[in-house]
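**Q** Here it is, the structure, as C-alpha cells.
The values are calculated or read from the model by the stated rules, or taken from the named source; none is laboratory data. Just so you know, these numbers come straight off a predicted model, no measurement behind them. Reconstructed Cβ throughout: ideal geometry from the backbone, glycine too, with neighbour counts over all protein chains shown.
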Amino acid sequence: MDFALLLFVLLVISGLIWAVDEIWLVRHRTAAGGVDAPMPWWVEYGRSFFPVILAVFLLRSFLVEPFRIPSGSMLPTLHVGDFILVNKFTYGIRLPVIDRKIIDINEPQRGDVVVFRYPPDPSTDYIKRVVGVPGDRIGYFDKVLYVNGEPVTQRDSAKPVHDGGVDFMRMTERLGSHQYEVQWMPQRPSPQGEVVVPPGQYFVLGDNRDNSKDSRYWGFVPDQNLVGKAFFIWMSWDGARFAVNWRRIGDSIP
C-alpha cells in the first residue's frame with residue numbers, strides 16, 4: 001500500500017473526528033454530563049492522533065522523508081541497511097499523494113544523489129547519482145564516464161579492493177562540488193555508448209558501476225519522477241553482524 005495515501009486517509013479520518021467533536025459532540029457531551037463527561041473511545045483516539053498524524057504528514061510531504069537502502073548499487077557511498085534522509089523541497093514543492101509540482105525551486109545538479117520513482121514502475125523508489133542534466137552529452141567507455149567529452153573518472157586514483165569475496169577497482173570521481181568514490185569489476189563487461197540528455201530529463205548512474213541497473217539500461221529519469229535529494233545517514237544496520245553500524249551514523253552523503 002502507498003504509505004503517503006494511507007497517511008492521508010488516516011489524517012482525513014482523524015481530522016473529521018476532531019472537527020465533529022469540536023463543533024457538535026462536545027456541546028452535547030457537556031450538556032448531558034458536565035465538563036468532566038467522558039469521551040467515547042473513538043473520539044478520544046481521533047483527537048489524540050490527529051495532531052501527530054498532521055505533523056508527520058506535513059514533515060514527510062514537504063520537508064524530509066526517510067528511506068532505507070535495499071541494495072548495493074550505490075556502494076561504496078551507501079551500504080545495504082543504511083537509513084537516509086531525503087530533502088523533499090530542494091527540487092520544488094509538490095502536492096502530496098497526487099505528487100504534482102506546484103513551485104519550482106532548484107534543479108538537480110551533476111553529482112547529486114537523488115531518490116526518484118523508477119520510470120518503468122513508478123510505484124518503486126530508486127536511488128542513484130545524477131551524472132547528466134538536460135543538454136549534456138554523456139559517454140561511458142572502458143569503465144570511464146565522460147561528460148561533454150571530458151573524462152570524469154580519475155583512473156590514476158584506482159586501487160584494488162577485495163570485498164565480500166569479489167575483486168573491485170575503486171577510484172575517485174568529481175562532478176561539480178561532489179567528490180566521491182565509485183567501484184567497478186575488471187572482469188565484468190559494461191554497457192558502453194554515448195547519449196544526449198533530453199530537456200526535462202536526467203541521466204543517472206549507481207556508484208557501484210557493474211552492479212547497478214541505471215540509465216544505461218532503462219533510460220532517463222523525467223523531472224516529474226524526482227522525489228528529492230539524499231543528504232544524510234541517520235541510521236545504519238549491518239545485517240551480516242546483526243548490529244548497528246555506529247561508524248556510519250551521522251555521515252553526510254557526498
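**Q** Going by the conditions given, is Glu65 among the acidic types (Asp, Glu) and either assigned to a loop (DSSP other than H, G, I, E, B) or exposed (fewer than 14 other Cβ atoms within 10 Å of the Cβ) (or both)?
**A** Details: among the acidic types (Asp, Glu): yes; either assigned to a loop (DSSP other than H, G, I, E, B) or exposed (fewer than 14 other Cβ atoms within 10 Å of the Cβ) (or both): no.
So Glu65 fails the test.
**Q** Same structure again: If the requirement is being β-branched (Val, Ile, Thr) and within 30 Å of Gln201 (Cα to Cα), which of these qualifies: Thr30, Thr77? It would help to see each step written out before you state the result.
**A** Values: Thr30 fails: within 30 Å of Gln201 (Cα to Cα).
Unique residue meeting the criteria: Thr77.
**Q** From the list Leu75, Leu11, Leu85, exactly one residue is assigned by TED's automatic domain parsing to the domain that holds Lys128, buried (at least 18 other Cβ atoms within 10 Å of the Cβ) and not in a strand (DSSP E or B). Which is it? Walk me through it before giving the result.
**A** On the way: Leu11 fails: assigned by TED's automatic domain parsing to the domain that holds Lys128; Leu85 fails: not in a strand (DSSP E or B).
Just a single option satisfies the conditions, and that option is Leu75.
**Q** Which ones in the range 185-240 are of a type in the set (D, E, K, R) and closer than 30 Å to Asp104 by Cα?
**A** To start, the set of residues in the range 185-240 that are of a type in the set (D, E, K, R) comprises 188, 194, 207, 209-210, 213-214, 216, 223, 229, 238.
Residues satisfying the conditions are Glu194, Asp207, Lys213, Asp214, Arg216, Asp223, Lys229.
**Q** May I ask you to list the residues in the range 136-146 that are under 24 Å from the mean Cα position of the chain (by Cα) and assigned to a strand (DSSP E or B)?
**A** Result: Ile138, Leu145.
**Q** Report the residue count in the range 147-159 for those that are within 20 Å of Ser73 (Cβ to Cβ) and assigned to a loop (DSSP other than H, G, I, E, B).
**A** 1
**Q** Tell me which of these Phe89 doesn't satisfy, since it passes every other one: (1) free of Cβ contacts under 8 Å to residues at least 24 places away in the same chain; (2) under 21 Å from Val221 (Cα atoms).
**A** With (1) free of Cβ contacts under 8 Å to residues at least 24 places away in the same chain; (2) under 21 Å from Val221 (Cα atoms) applied to Phe89, the lone miss is (1).
To keep it simple, each residue is scored yes or no on (1) acidic (Asp, Glu); (2) under 23 Å from Ala4 (Cα atoms).
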residue	(1), (2)
Pro108	no, no
Gly111	no, no
Phe116	no, yes
Pro119	no, yes
Arg129	no, no
Pro134	no, no
Ile138	no, no
Asp156	yes, no
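**Q** Just checking, how many residues over the range 120-130 are touching a helix residue (DSSP H, G or I) at 6+ places or on another chain (Cβ under 8 Å) and either over 19 Å from Pro70 (Cα atoms) or surrounded by fewer than 17 Cβ atoms within 10 Å (Cβ to Cβ) (or both)?
**A** The first filter runs over the range 120-130 and keeps only residues touching a helix residue (DSSP H, G or I) at 6+ places or on another chain (Cβ under 8 Å), leaving 120, 122, 128.
Narrowing further to those that are either over 19 Å from Pro70 (Cα atoms) or surrounded by fewer than 17 Cβ atoms within 10 Å (Cβ to Cβ) (or both): 120, 122.
Looking only at that region, the number is 2.
**Q** Out of the residues in the range 192-220 that are under 18 Å from Asp112 (Cα atoms) and among the hydrophobic types (A, V, I, L, M, F, W, C), state the one that is farthest from the chain's Cα centre (by Cα).
**A** In this case the residue turns out to be Val197.
**Q** Among the candidates Arg110, Arg94, single out the residue that is assigned by TED's automatic domain parsing to the domain that holds Met185 and more than 30 Å from Glu181 (Cα to Cα). It would help to see each step written out before you state the result.
**A** Details: Arg110 fails: more than 30 Å from Glu181 (Cα to Cα).
Exactly one residue qualifies, and that residue is Arg94.
**Q** Something else about it: Criterion first (surrounded by fewer than 17 Cβ atoms within 10 Å (Cβ to Cβ), farther than 30 Å from Asn245 by Cα, in contact with a strand residue (DSSP E or B) (Cβ under 8 Å, 6 or more places away or on another chain) and not acidic (Asp, Glu)) does Ile93 satisfy it?
**A** On the way: surrounded by fewer than 17 Cβ atoms within 10 Å (Cβ to Cβ): yes; farther than 30 Å from Asn245 by Cα: yes; in contact with a strand residue (DSSP E or B) (Cβ under 8 Å, 6 or more places away or on another chain): yes; not acidic (Asp, Glu): yes.
So Ile93 fits the description; yes.
**Q** Would you be able to tell me the number of residues in the range 160-178 that are closer than 12 Å to Pro76 by Cα, modelled with pLDDT of 90 or more and loosely packed, with under 13 Cβ neighbours inside 10 Å?
**A** Final tally of qualifying residues: 0.
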